[in-house]
Amino acid sequence: MSALSFDQATIRLGRRDILSAASFAVREREFVGMLGANGAGKTTLMRAALGLVPVAAGAIRVLDGPVTRGNPAIGYMPQNRTGMAGLRLTGWDVVASAAVGRRFGFGGLDKAARREIDWALDEVGARALAQRSIGELSGGERQRVLLSQALLGRPRLLLLDEPLISLDPAHQKSVVEIARRICDDLKVAILFSAHELNPLVNAIDRVLYLGAGAAVIGPVEEVVTGPVLSRLYGAEIEVVRIKDRYFVMAGDVDVERDAHRHDAPHGHSHDHDDAHA
Ligand SMILES: Nc1ncnc2c1ncn2[C@@H]1O[C@H](COP(=O)(O)OP(=O)(O)OP(=O)(O)O)[C@@H](O)[C@H]1O
Ligand SMILES: [Mg+2]
């Protein structure tokens, strides 16, 4: 069984094929890093697995079943996490708000639900942080609290969309380590999107690269090569490896480093359906 599989799947937004007859599978309990330039389709791929974007052709399967909306087997941490800075709710309240009406019904939180929230916060080491208001947490602290939200209901597949965005290298490292440990301890498959391979390279099992409507999955040393990436980027790419660091170069430009270090909105928002994934 695979955690997530795309079989000749085409995903079309407007008149553009974001993915075109793409095939790959994320195995159970596997930690996969998903890379690709801005607009390559990382967010769209996750939204398709959540049933929020239709498949135009081919098939997507989650844990060998069909795609369904609100699938309790999937935990999702969306990319768009703006709008929290002014919030006076505590981290605990924010996590709890995802639990209410989602997996625990609308009748408020019973003891078991509260225990589950505390458990999820403990998994990411954020129980103490969650006592503070979400608006005053640093980006990295907030990221951990939101990551715990994705663990509610003990999913078997976690879709984490750019958890490293706007974090400094030390916090990036800690988020990647937490993801690795969650993958092992909770026996969950993780698809983790990022702009740069290097923060992930020592932690992931395999890498999934998107570009030019295609998806290629495999071990880093097989996928992150000049020929494969040239095809996905549609440009002449040279991969320079220095010890454990990879530099993806188009001419003199390191395309991953220069992509963007901050969240660059496309001018459309996915906010409205985030909580219902
Ligand atoms: N609702 C929509 N209608 C039309 N086009 C869309 C829609 N949503 C996204 N797109 C386009 O689909 C492409 C893929 O977008 P997506 O957000 O999946 O990329 P991404 O790989 O997540 O990018 P980033 O690294 O910037 O987060 C982009 O060109 C985007 O503009
Ligand atoms: Mg995205």
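Restricting the first member to region 151-180 and to residues that are under 25 Å from A96 (Cβ atoms) and touching a residue at least 60 places away in the same chain (Cβ under 8 Å), and the second to residues that are β-branched (V, I, T) and in a loop (DSSP other than H, G, I, E, B), the beta-carbon pairs closer than 7 Å and six or more apart or on different chains are P155/V188; R156/V188; L157/V188; L158/V188.
For region 58-72, check the following and say yes or no: at least one residue is more than 15 Å from L157 (Cβ to Cβ) and either within 16 Å of ligand 1 (Cβ to nearest atom) or under 15 Å from the mean Cα position of the chain (by Cα) (or both). No.
Looking only at residues of region 166-210 that are β-branched (V, I, T), within 14 Å of the chain's Cα centre (by Cα) and under 26 Å from R231 (Cα atoms), we find that the one that is surrounded by the most Cβ atoms within 10 Å (Cβ to Cβ) is I190.
Taking region 26-43 only, how many residues are within 13 Å of ligand 2 (Cβ to nearest atom) and either surrounded by fewer than 18 Cβ atoms within 10 Å (Cβ to Cβ) or more than 15 Å from T10 (Cα to Cα) (or both)?
Residues that pass the stated criteria total 6.
Among the residues in region 129-150, are any part of a loop (DSSP other than H, G, I, E, B), over 23 Å from F192 (Cβ atoms) and either at pLDDT 85 or above or in contact with a Pro (Cβ under 8 Å, 6 or more places away or on another chain) (or both)? Yes, that holds for at least one residue.
Against the definition (out of contact with any Phe, Trp or Tyr (no Cβ under 8 Å at 6 or more places or on another chain), away from ligand 1 (no atom under 16 Å from the Cβ), at pLDDT 90 or above and assigned to a helix (DSSP H, G or I)), how does R47 come out, yes or no? Taking the combined requirement at face value, the residue does not satisfy it.
The values are calculated or read from the model by the stated rules, or taken from the named source; none is laboratory data. Everything numeric in this text was worked out from a predicted model, so none of it was measured. In this analysis, Cβ positions are derived from the backbone assuming ideal geometry, glycine residues included, and neighbour counts consider all displayed protein chains.
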